[in-house]
Structure formats: structure tokens, C-alpha cells
Amino acid sequence: MEFSNDIESEIYALAKENAEESGYKLNPDYDIVVTAIKAIANNKRDKGEPYCGCRSTTGNKVKDKELICPCSQRDKDIAKRGACLCALYVA
């Protein structure tokens with residue numbers, strides 16, 4: 001999978017590695033992966049951290065730390081729905 005810039009490529013590589021280490025997979029739907037990676041990359045550029053693109057940050061760095069991808073809700077979401085909220089990670 002190729003991305004248009006280094007931040008997106010880096011986030012994709014980290015997400016892929018994290019999925020493998022966690023026993024999950026990245027979504028097989030190319031469009032979902034690209035959308036999620038671009039949203040995370042935008043948050044990294046705009047907010048300084050790779051926050052999940054489908055969760056709202058508060059501006060409080062301590063609280064928002066839980067929203068750094070993979071967010072603290074990923075495992076719970078996957079157990080409940082088979083995918084995290086943005087559907088980047090799947091069972």
C-alpha cells in the first residue's frame with residue numbers, strides 16, 4: 001500500500017506492525033484503511049499526535065492520550081463489533 005507522504009506511510013507501517021503484534025489485522029478494504037490512515041496523519045500534523053480519526057479530542061493532552069491510535073477502546077470495540085470504531089483494525 002502506498003501513500004502520498006511520509007507521515008501516512010509511517011502511520012500505516014506502525015498500524016500494520018501493531019495489528020500483527022496484537023493478533024488483529026488491518027481491514028482488507030483498501031478504502032477504509034486509506035481513509036483511516038489519512039485521518040490519523042491529519043491529526044498528527046494538526047494536533048501533534050496520531051489521534052484516532054473517529055474520536056473527538058478534548059485539547060487536554062492527558063485525557064487525549066487515550067485517543068492515540070490504537071486508541072484505548074480498540075480492544076473493546078473489536079470484541080463487540082469485530083472492528084474498531086474507524087474499522088482500521090479488525091479481528
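Every number here is computed from the coordinates shown, using simple stated rules; none is lab data. All of these numbers come straight from a predicted model, not from anything done at the bench. Positions of Cβ are backbone-derived with ideal geometry, glycine not excepted, and every protein chain shown enters the neighbour counts.
Every residue, every condition in (1) more than 10 Å from the chain's Cα centre (by Cα); (2) assigned to a loop (DSSP other than H, G, I, E, B), yes or no:
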| residue | (1), (2) |
| --- | --- |
| 15 | no, no |
| 21 | yes, no |
| 28 | yes, yes |
| 34 | yes, no |
| 45 | yes, no |
| 78 | yes, no |
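Being on the phi > 0 side of the Ramachandran plot and touching a residue at least 12 places away in the same chain (Cβ under 8 Å) is the filter here; which residues of the stretch 56-89 pass it?
87 - this is the single residue of the stretch 56-89 that is on the phi > 0 side of the Ramachandran plot and touching a residue at least 12 places away in the same chain (Cβ under 8 Å).
Show the residue pairs meeting these rules: Cβ distance below 6 Å; 6+ apart or different chains; first residue within the stretch 32-49 and surrounded by 15 or more Cβ atoms within 10 Å (Cβ to Cβ); second residue among the charged types (D, E, K, R) and part of a helix (DSSP H, G or I).
Correct list of pairs: 37/8; 41/8.
State the number of residues belonging to the stretch 1-32 that are over 24 Å from residue 82 (Cβ atoms) and not aliphatic (A, V, I, L, M).
The number of residues fulfilling the criteria is 8.
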